[in-house]
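Some notes on the structure that comes next.
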Amino acid sequence: METVKVMVDGVQVEVPKGSTILDAAKIAGIDIPTLCFLKGINEIGACRICLVEVEGTRALQASCVYPVSDGMVVRTNTPAVREARRVNLELILSNHDRKCLTCVRNQNCELQDLAERFHVKDIRFEGESIHYPVDDLSPSIVRDANKCILCRRCVAVCASQGVGVIGPVDRGFRTIIEPIFNRSINNVPCINCGQCILACPVGAIREKDDVEKVWTALQDPNLHVVVQTAPAVRVALGEEFGMEMGTRVTGKMAAALRRLGFDKVFDTNFSADLTIMEEGTELLGRIKNGGKLPLITSCSPGWIKFCEQFYPDFLDNISTCKSPQQMLGALLKSYYVEKNGLDPAKVFVVSVMPCTAKKFEAQRPELSSTGYPDVDVVLTTRELGRMIKEAGLDFPNLPDEEFDPTLGESTGAAVIFGATGGVMEAALRTVAEIVTGKPLDDIEIKAVRGIEGVKEAEIQLGDLLVRAAVAHGTGNAKALLEKVKSGEKEYHFIEVMACPGGCVTGGGQPIVKAKKRMDRDPREVRAAAIYDEDRDKPLRKSHENPEVKKLYEEYLQEPNSHKAHELLHTHYVARQKY
Amino acid sequence: MSVSSVFSASAVTDNKEKFAKLQEVIERYRGMEGPLVPVLHEAQEIFGALTLDVQKYISEALNVPVMQIYGVATFYSQFTLKPKGKCKVSVCMGTACYVRGAKKIQDKLVENLGIQVGETDKDGKFTLEATRCVGACGLSPVLLVNDDVYGRTTPDIVPNIMDKYRKA
Ligand code: SF4
Ligand code: SF4
Ligand code: FES
C-alpha cells in the first residue's frame, strides 16, 4: 500500500495515500470535531466544524474531505482554527431550538457534545428564527425541523436507500430538510426504515413514541398484556445502559420485561422458526409446481413497502408469509387464547422490534386475521430502554431469566434472522434436510454472511442446484432486482432486508454516534453476537423446534395448510408513489 | 414502467400537447450534462409553473427523484410551483418607491385582491408580487400590472385600477 508522511501538530504520521486529514489526525492521536461527516454515507464538507490549517493554503480547510499529501503540515489547534470552529458552532446553535432537557436525544447528541467540548457559554448571533410545526403524522417517523442543523446525513442515507424522499428545500436562511410540497413524511413514499433516525446527529428525526400506550395497557386490570421480542433486540438493548456494543442480554431482557409487568414474555424467535417452515414449504412448492420464482422473503416491512411502491411487478414473487411479529400476534389471538380460555378482545400484544417500519406494518388493516389486530403496539429497542430506565431497573445487574413456554422456544436458526443473510441461511438449513433427508455437512453458510451489499450462494440439494441471493439496504435490493428484471441474473430464492446490515442495525436500534461508527461497525459487531447466540443453542434448525412441531400437531396440521394460510399468510398491494 | 402509468391519467390527457412538447424538450437535453435546470426552465415556459405533475413527469423521464427536482425548483427564485394568474400585479419595492409608501400600496392590494404577496387568487386572475427597482424612480411609488405602468399611485386609486382588469 502506498503511504504518505504527514505532520499533524508536530507529530509525524505515515498514512495510506488517499486518507483524509481527519484520518491522519486520528492516527496522530488527535480527535478533530465533526458534525456533518458520516463515514461512507455523507462526506460533503458542509458544516465546517472540522476546519484545520494546512501549511501553504490560505483558507482553513475541511479536514473530513481534504486528502493528505506527502510532506503536508497540518495544524488543528491554532487561534484561527479555534475561533472559526467556535463561530460555526455558534451559528448552528443560534438557529437551533436548544430544548435539550425535553429532547429524546438528551445526552446522546453530537451537537451537545460539541457545545460542551468547546465550552460554548454564550451565543453571539441571536438571530431571527423560524418555527416549524412538528410532523408526527407517520406511525413510524417524527420530524422536528426546529432541531435540524442541515447536516444532510439523513438526506444522504435516504438516497442510498434508493428512496430519496427528504432533501433540502428553499435556500439561504429559509433552507429546510423536508419532503416535497410541504407534505408530511407520511404522505410521500417513505418506507419507514428509520435509517435517517440513526444518521441524525441530533433529535430532528426520531421514532413515534408509543411508550405511553404500553404503560396504559399494563395498568389496565382487564387486559392480559403479552410481549414478544425480535432476534436483534437481544444483542443491542444493553447499549442503552452503557454496556459494550455486541453484549448479549437475552436473559436480562426477559427479566426486565417481567418486572415491567407483562403477563407473559414470548419470543418472536418462535415465529421465526415457524416462518422457515411456512416459507421453506412455499419455496419447495413453487419450485415443484412451476410457481413464480425467484421467491423473495417478506420479513422486512420496509422492504415490502419499497416493493409495493417501486417494484409492483415483483409483488407476486414475495412470499405470502406474514413477518414473524405478525405471525406470533395472530397465534396469540387464536391458538394461545383458545388454549388458555382467554378472550381475544382482552389480549394486548406488544412487540419489541429493532425496527420503525414494524409500527407501520402493525397498522396494516389486512394484518388482523382474528378480527383483532395481530399486534397492538410496537416498541423499538430504544423505547424499551426508556421504559426500563423509567422503572428504575438496574438492567446490567438483572438476573438472566427464560422466556415463557409454548411460544417462547426457539432454535439457533431463528436468532440469525437478526443479521443480513440469516433468513436465507435458516431456510437452507431446513430445506436441505427436507429435500435430501439428511442435514447439510456444514450448517453455517458463510457465503451469505457479512456486510457486502449483495451476496450470492449456490447449494446443491439432491439434483436441484438452488441459486440464492441476499441483499440488505433497499438501495442494494434495487440494484439486484434490476439485474433480475433484465434477465442478467436468475435465482430461486432472494432475501431482502430494508436496513443495511439487516435487523441488527434496524432503524429502531440504539443509535451509534458517527465517531464511534468510524471505529466499530455495529453491523459486524452485533452480527457476531447473533452468530454466537446461534452457536450456543442446543437446537439450530427450525424444523427441530419442539413447540413448533406441537403447534402443527395440535392446531395447524401442516405447513401451508388452510388454517396456516388463514393465520400466517397475507397479500400485498401496489402503491402510488406520489 | 412506462412514464404515463405513474400518475393520474387525466393530468396527461388534459394537457396532451403540453406534455408532448415537454417530452421533446427532454429528448433534446437527454445525455447532456446537467439537463435538469434547462429542462425545468423550458417546462415552466410550457406550463407556466412546475406543478407536481410536471415534476413527476420529468422525474420519470430523466430518472431523477422528485425530491431532487423539487429542491432545485425551490432553490432558484425564477422557478414557480403554482401557475401565475392572468394579471401579474407587482409593486416596486426599490428604495425610492419604498420611502414614498410602496408598502401601503401593497397592503391595499393584499386587501383588495384577498391574497398575500407571492400568491394567486383562486380564479387564476391575479398574482401579487413584489419587485426590485424597476428604474422608474421619478414616478414612485410604481405599480405594474403586466406591462402597464402606474406611477405616483396612492392606496385610494388601487381599487379603481384593479376593477379595470377585473372587467377586462
Ligand atoms: S424512514 Fe427511510 S425512507 Fe423514510 S425518510 Fe427515513 S431513510 Fe428515507
Ligand atoms: S434532520 Fe438530522 S440528519 Fe437530517 S439534516 Fe437535519 S440534523 Fe442532519
Ligand atoms: S465539514 Fe467536516 S465534519 Fe462537517
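Scanning the range A:299-318 for residues that are away from every other protein chain (no Cβ under 14 Å) and surrounded by fewer than 24 Cβ atoms within 10 Å (Cβ to Cβ) yields A:ASP316, A:ASN317, A:ILE318. For the criterion of being modelled with pLDDT of 95 or more, more than 9 Å from every other protein chain (Cβ to nearest Cβ) and either open to solvent by less than 10 Å² (accessible area, probe 1.4 Å) or within 16 Å of ligand 3 (Cβ to nearest atom) (or both), A:CYS154 passes.
None of A:ALA391, A:ALA413 is within 24 Å of the chain's Cα centre (by Cα), in the same structural domain as A:ALA529 (by TED's automatic domain parsing) and among the aliphatic types (A, V, I, L, M) except A:ALA413.
The single condition from (1) away from ligand 3 (no atom under 16 Å from the Cβ); (2) without any contact (Cβ under 8 Å) to a residue 40 or more places away in the chain; (3) among the hydrophobic types (A, V, I, L, M, F, W, C) that A:CYS193 fails is (2). Candidates are the residues of the range A:45-71 that are in contact (Cβ under 8 Å) with a residue 40 or more places away in the chain and over 22 Å from A:PRO16 (Cβ atoms); the one that is least open to solvent (accessible area, probe 1.4 Å) is A:ILE49. Going by what's in this entry, would A:VAL233 be described as surrounded by 24 or more Cβ atoms within 10 Å (Cβ to Cβ), away from ligand 3 (no atom under 16 Å from the Cβ), in the same structural domain as A:LYS346 (by TED's automatic domain parsing) and under 19 Å from the mean Cα position of the chain (by Cα)? Yes. For the range A:75-84, does any single residue satisfy the condition of being under 22 Å from A:GLY127 (Cβ atoms), more than 14 Å from ligand 2 (Cβ to nearest atom) and either open to solvent by less than 60 Å² (accessible area, probe 1.4 Å) or more than 14 Å from chain B (Cβ to nearest Cβ) (or both)? The answer is yes; a qualifying residue exists.
(1) out of contact with any Leu (no Cβ under 9 Å at 6 or more places or on another chain); (2) away from every other protein chain (no Cβ under 14 Å); (3) assigned to a helix (DSSP H, G or I): which one isn't true of A:VAL233, the others all being true? Every listed condition holds for A:VAL233 apart from (1). Number of residues in the range A:184-202 that are polar (S, T, N, Q) and in a loop (DSSP other than H, G, I, E, B): the value is 2. Within the range B:35-51, work out how many residues are farther than 27 Å from A:GLY475 by Cβ and more than 14 Å from every other protein chain (Cβ to nearest Cβ). Matching residues across the range B:35-51 total 9. Scoring A:ILE166 on the criteria (1) under 18 Å from the mean Cα position of the chain (by Cα); (2) within 12 Å of chain B (Cβ to nearest Cβ); (3) crowded, with 24+ Cβ neighbours inside 10 Å leaves a single failure, condition (1).
For the range A:85-92, the condition of being among the basic types (Lys, Arg), surrounded by fewer than 18 Cβ atoms within 10 Å (Cβ to Cβ) and outside the structural domain of A:GLY302 (by TED's automatic domain parsing) holds for at least one residue. Considering only residues in the range A:10-22 that are surrounded by 16 or more Cβ atoms within 10 Å (Cβ to Cβ) and in contact (Cβ under 8 Å) with a residue 40 or more places away in the chain, the one that is nearest to ligand 2 (Cβ to nearest atom) turns out to be A:LEU22. Given the criteria open to solvent by less than 30 Å² (accessible area, probe 1.4 Å), closer than 26 Å to A:PHE360 by Cβ and either within 16 Å of ligand 1 (Cβ to nearest atom) or not aromatic (Phe, Trp, Tyr) (or both), does A:ILE149 qualify? Considered against the rule, which asks whether it is open to solvent by less than 30 Å² (accessible area, probe 1.4 Å), closer than 26 Å to A:PHE360 by Cβ and either within 16 Å of ligand 1 (Cβ to nearest atom) or not aromatic (Phe, Trp, Tyr) (or both), A:ILE149 comes out as no.
Given the structure, is A:ILE185 within 13 Å of ligand 2 (Cβ to nearest atom) and within 18 Å of B:VAL64 (Cβ to Cβ)? So A:ILE185 fails the test. Exactly one residue among B:GLY118, B:GLY71, B:GLY85, B:GLY94 is touching a strand residue (DSSP E or B) at 6+ places or on another chain (Cβ under 9 Å), small (Gly, Ala, Ser) and within 12 Å of another protein chain (Cβ to nearest Cβ), and that residue is B:GLY71.
Looking for something within 16 Å of ligand 3 (Cβ to nearest atom) and not in a loop (DSSP other than H, G, I, E, B) - is there at least one such residue anywhere in the range A:161-176?
Going through the range A:161-176, the residues within 16 Å of ligand 3 (Cβ to nearest atom) turn out to be A:168, A:175.
Then keep just the ones that are not in a loop (DSSP other than H, G, I, E, B); that gives A:168.
Checked against the condition, which is being within 16 Å of ligand 3 (Cβ to nearest atom) and not in a loop (DSSP other than H, G, I, E, B), the range A:161-176 yields at least one hit.
Checking B:VAL12, B:VAL54, B:VAL99 one by one, the residue that is at pLDDT 95 or above and either surrounded by 15 or more Cβ atoms within 10 Å (Cβ to Cβ) or away from chain A (no Cβ under 14 Å) (or both) is B:VAL54 and no other.
Among the criteria (1) over 30 Å from A:ARG86 (Cβ atoms); (2) more than 10 Å from ligand 1 (Cβ to nearest atom); (3) free of Cβ contacts under 8 Å to residues at least 60 places away in the same chain, the one A:VAL142 does not fulfil is (3). Within the range A:341-360, the residues that satisfy the criterion of being under 13 Å from the mean Cα position of the chain (by Cα) and assigned to a strand (DSSP E or B) are A:VAL352, A:MET353.
So, in the range A:174-218, of the ones that are acidic (Asp, Glu) and more than 14 Å from chain B (Cβ to nearest Cβ), which residue ends up most open to solvent (accessible area, probe 1.4 Å)? Selected residue: A:GLU212.
Can you find a residue in the range A:118-141 that is within 14 Å of chain B (Cβ to nearest Cβ) and assigned to a loop (DSSP other than H, G, I, E, B)? The answer is no; no qualifying residue exists. Apart from one condition, A:PHE125 fits all of (1) at pLDDT 95 or above; (2) open to solvent by 50 Å² or more (accessible area, probe 1.4 Å); the exception is (1).
The values are calculated or read from the model by the stated rules, or taken from the named source; none is laboratory data. Keep in mind that this is a model prediction, so the values were computed, not measured. Counting neighbours? That spans all protein chains shown, and the Cβs are built from the backbone with ideal geometry, glycine included. In case anyone asks, the SASA skips ligands and DNA or RNA and just uses the protein heavy atoms, side chains included. Shrake-Rupley method; radii C 1.70, N 1.55, O 1.52, S 1.80 Å.
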